[in-house]
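Engineer: A single structure is presented below for examination.
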Amino acid sequence: MTGTHDRTVVDIDWNNLGFSYIRTDFRYLAHWRGGAWETGELTRDNVLHISEGSTALHYGQQCFEGLKAYRCQDGSINLFRPDQNAARMQASCGRLLMPAVPTEMFIEACRQVVKANEHFIPPYGTGGSLYLRPFVIGVGDNIGVKSAPEFIFSVFCIPVGPYFKGGLVPTNFITSQYDRAAPHGTGAAKVGGNYAASLLPGQEAHEKNFGDVIYLDPATHTKIEEVGSANFFAITKDGKKFVTPQSPSILPSITKYSLLHLAEKRLGLQVEEGEVYIDRLDEFGEAGACGTAAVVTPIGGIQHGDQFHVFFSETEVGPITRRLYTELVGIQTGDREAPQGWIVKV
Ligand SMILES: Cc1ncc(COP(=O)(O)O)c(C=O)c1O
């Protein structure tokens with residue numbers, strides 16, 4: 001039952017939301033048993049009861065996604081490219097020998113969760129959104145290193161604030177000696193093991209007052225791969241080209257592919273997925289991090305060894321970065337026309 005009488009009266013200061021767990025009313029839960037996904041349903045219970053032998057607990061057999069629902073000015077609700085998250089989760093499941101969740105089931109689960117928790121969506125104009133966290137975990141009685149006998153697919157949501165409370169602000173980052181993924185490992189899949197590997201370097205970066213870690217390519221440590229849990233992009237000094245790294249150990253960011261499209265089709269830039277050498281950063285006039293959480297984060301500077309390289313400025317946002325941000329957020333919140341298929345109305 002998801003009638004309005006079941007709903008919590010929400011008392012949230014919409015203008016001061018961060019990125020923290022808030023228990024919302026309903027989450028979607030479906031089991032895979034006997035070779036097929038069973039029909040999922042909404043539940044109020046935010047605690048999973050799973051076997052102590054679950055492969056998700058011991059062998060990291062799990063994957064997840066992150067996407068957002070936005071309240072538009074006309075009161076309608078936008079999901080941004082959920083088919084792309086469904087496809088990426090199918091790829092992550094394939095890499096870890098888990099059963100894929102069909103796209104229709106994935107989008108329907110997201111829709112149900114957004115509708116049932118509609119009262120938790122931050123109002124238009126606050127910069128907030130409803131963050132959705134779909135995940136698949138291997139469960140059931142097991143001990144050997146093998147794929148689980150059963151799986152759970154779930155989607156929960158939390159209201160989150162804008163990444164930048166005071167508008168777009170450049171952030172500094174630092175390279176790390178650690179890798180988040182191996183050259184032919186699981187870097188391109190959104191699986192928990194990559195994030196477990198990133199906790200220590202992330203903490204070290206924060207202790208030194210950097211926003212997060214710049215991960216270099218794990219084989220040679222000469223090329224930029226990712227920025228914490230976001231992809232990297234840069235604009236050449238002549239302002240003509242949008243460049244972003246290409247590598248099998250990078251998570252293929254849906255935001256990055258959206259920016260590649262917008263940079264080319266709406267800003268008229270040349271676009272390139274290629275190599276970004278850490279010792280050739282002076283080719284670029286602007287740089288940024290992009291992702292569902294980071295949206296478009298201008299990069300002030302990068303610390304690499306004893307070198308600190310500033311791109312546009314440590315305090316000002318470059319003009320192309322700002323245009324990309326405005327275009328992307330405008331599409332997500334329904335203020336700008338979206339390319340075909342990018343917006344799914346809830
Ligand atoms: C490691 C990593 N890279 C990049 C991204 C950005 O991907 P997306 O734009 O699909 O959110 C994320 C977040 O999902 C991430 O965790």
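The values are calculated or read from the model by the stated rules, or taken from the named source; none is laboratory data. Note that this is a predicted model, so its numbers are computed, not measured. When we count neighbours, we look across all protein chains shown, and the Cβ atoms used for this are built from the backbone with ideal geometry, even at glycine. Surface areas here come from the heavy atoms of the whole protein model, side chains and all, with no ligands, DNA or RNA. Shrake-Rupley method; radii C 1.70, N 1.55, O 1.52, S 1.80 Å.
Engineer: Relative contact order for region 140-246: what percent, with Cα pairs under 8 Å and sequence separation of 6 or more?
Structural biologist: Worked out over region 140-246, it gives 19 percent.
Engineer: Which whole number of Å³ per residue matches the convex hull of the alpha-carbon atoms in the chain?
Structural biologist: 136
Engineer: Give the accessible surface of the chain per residue, rounded to a whole number of Å², with probe radius 1.4 Å and ligands, DNA and RNA excluded.
Structural biologist: 45
Engineer: While we're here: How high is the relative contact order of region 187-310, in percent, with contacts defined as C-alpha pairs under 8 Å that are six or more residues apart?
Structural biologist: Across region 187-310, relative contact order equals 23 percent.
Engineer: Applying the Karplus parametrisation 6.51 cos²θ - 1.76 cosθ + 1.60 with θ = phi - 60° to the phi angles of region 255-271, what ³J(HN,Hα) value in whole Hz is obtained for each residue in order, glycine and proline being reported as x?
Structural biologist: Those phi angles translate into 5, 4, 5, 5, 5, 4, 5, 5, 4, 6, 7, 10, 9, x, 8, 6, 10 Hz.
Engineer: Further question on the same structure: Quick check: from the Cα gyration tensor, does region 70-203 come out rounded (a/c under 1.5), prolate or oblate?
Structural biologist: Taking the square roots of the gyration eigenvalues as a ≥ b ≥ c, region 70-203 is oblate.
Engineer: What net charge is computed for the residues neighbouring LEU96, neighbours being all others with C-beta under 14 Å from the C-beta of LEU96, Lys and Arg scored +1, Asp and Glu -1?
Structural biologist: Net local charge, LEU96 excluded: +3.
Engineer: Could you work out [θ]222 nm for the chain from helices alone, using -39500 (n - 2.57) per DSSP H run of at least four and dividing by all its residues? Round to the nearest 500 deg cm²/dmol.
Structural biologist: Dividing the helical sum by the residues of the chain leaves -6500 deg cm²/dmol.
Engineer: Please compute the contact order of region 83-141 in relative form: average sequence separation of alpha-carbon pairs under 8 Å and at least six residues apart, divided by the residue count, as a percent.
Structural biologist: About 25 percent, as a whole number.
Engineer: Can you tell me which lysines have their Cα less than 28 Å from the Cα of LYS115? Leave out same-chain residues fewer than eight positions away.
Structural biologist: Counting by Cα, and skipping residues close in sequence, LYS115 has these lysines nearby: LYS68, LYS165, LYS190, LYS256, LYS345.
Engineer: In addition: Counting only other residues whose beta carbon sits under 10 Å from that of ILE174, what net charge do I get with K and R as +1, D and E as -1?
Structural biologist: -1
Engineer: Compute the acute angle (0 to 90°) between the alpha-carbon long axis of helix 192-207 and the principal axis of greatest extent of the alpha-carbon atoms of the chain; round to the nearest 10°.
Structural biologist: Helix 192-207 sits roughly 50 degrees off the main axis of the chain.
Engineer: Follow-up question, since we're still on this one. Carbon-plus-sulfur fraction of the accessible area of region 237-317, 1.4 Å probe, in percent? It would help to have the intermediate numbers written out before the result.
Structural biologist: Values: 1580 of 3600 Å².
C and S fraction of accessible area: 44 percent.
Engineer: Between ASN15 and GLU275, what FRET efficiency comes out of the Förster formula 1/(1 + (r/R0)^6) with R0 = 41 Å and r the beta carbon distance, rounded to 0.05?
Structural biologist: E between GLU275 and ASN15, to the nearest 0.05, is 0.45.
Engineer: Would you tally the net charge around PHE106, using a Cβ to Cβ cut-off of less than 11 Å, leaving PHE106 out, and scoring K and R as +1, D and E as -1?
Structural biologist: Values: positive: ARG88, ARG111; negative: GLU65, ASP83, GLU104, GLU108.
My count for the surroundings of PHE106 gives -2.
Engineer: If you filter region 300-346 for GluC sites (Glu not before Pro), then keep DSSP loop positions with at most 15 other Cβ within 10 Å, what is left?
Structural biologist: Within region 300-346, the qualifying GluC sites (Glu not before Pro) (loop, at most 15 other Cβ atoms within 10 Å) are GLU314, GLU316, GLU337.
Engineer: Largest first and in whole Å, give the semi-axes of region 13-75's equivalent ellipsoid, each being the square root of 5 times a Cα gyration tensor eigenvalue.
Structural biologist: So the three semi-axes of region 13-75 are 30, 17, 13 Å.
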